[in-house]
Amino acid sequence: MKLPQDWKQDRLKDLCTVNGASQAASTDPDYEFPYLEISNVDYSGIIDRSAIERLRFEDAPSRARRIVARNSTIISSVRPNLQAVAFFSDDTGGLVCSTGFNVVQPDEHRLAPRYAYYVLISDYARQYFEAVATGVGYPAVADKDFRALVLPLPPRSEQDRIASYLDCICAQVDAVASLQKVDDKISRGRGVLNQQMEILIAYRRALIHECVTGARRVTAADVARAAALRPGN
């Protein structure tokens, strides 16, 4: 992959803390926490927040261990082709996720948290994870291989621009997609709706890939134009 001349590269493990905090086996049996399973997360993030259970530590499955912090991304280490990924910008209220996720906490001086999320959700990362995953029926990415992912690293200010631009554009795409989901009752066939949804998803994926690999450079003017078109503005 050829990057712009002013970009660098570095391994995920040198830019982030991965799985830095977990519930100890000695945790109070009556301690309650919200718990997130892999089945409740997809490429678009958390599917249904109302499905997040509150569990007592004593009653929780043994995989309910990884603590999710603010400004972190969680990404499934199993079946990487499905891309179960979610970003948490706010306080998580003690959220715990399955050990089937990796919890990625960037060093914010070097890596913008939201930019890190977009790299992890990009086809660039997906292709790497699929290549290193092992197992046939239930492929998984080993910890050492996950941490070895090499991230494209633009200057910190450009990371922020890329993240802001993608936030705006993806919000527009997602708004259109949600309208199409609601629009089931109109006379157009479901096949047409599905085709349009696939086009939107493909566009979203391609744009993220281009931005995080430097194929498309994002300027302040790009961010301003995208922000003006963001739903709600």
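The values are calculated or read from the model by the stated rules, or taken from the named source; none is laboratory data. Source: prediction; values computed, not measured. Using ideal geometry, Cβ is built from the backbone for each residue, glycine included, and neighbour counts are taken over all protein chains shown.
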Of those in segment 9-28 that are part of a strand (DSSP E or B) and not charged (D, E, K, R), the residue nearest to Q159 (Cα to Cα) is Q9
Looking across segment 67-80 at residues that are more than 13 Å from the chain's Cα centre (by Cα) and over 18 Å from S22 (Cα atoms), the single one that is surrounded by the fewest Cβ atoms within 10 Å (Cβ to Cβ) is V78
Considering segment 197-233, residues that are over 18 Å from the mean Cα position of the chain (by Cα) and charged (D, E, K, R), and then whichever is surrounded by the most Cβ atoms within 10 Å (Cβ to Cβ), we arrive at D222
Among helices (runs of 4 or more DSSP H) completely within segment 139-233, the ones holding 3 or more residues that are more than 22 Å from N71 (Cα to Cα) and modelled with pLDDT of 85 or more are 190-212, 220-228
Of all strands (runs of 3 or more DSSP E) fully inside segment 29-82, the set with 3 or more residues that are out of contact with any Lys or Arg (no Cβ under 9 Å at 6 or more places or on another chain) is 53-56, 64-67, 72-76
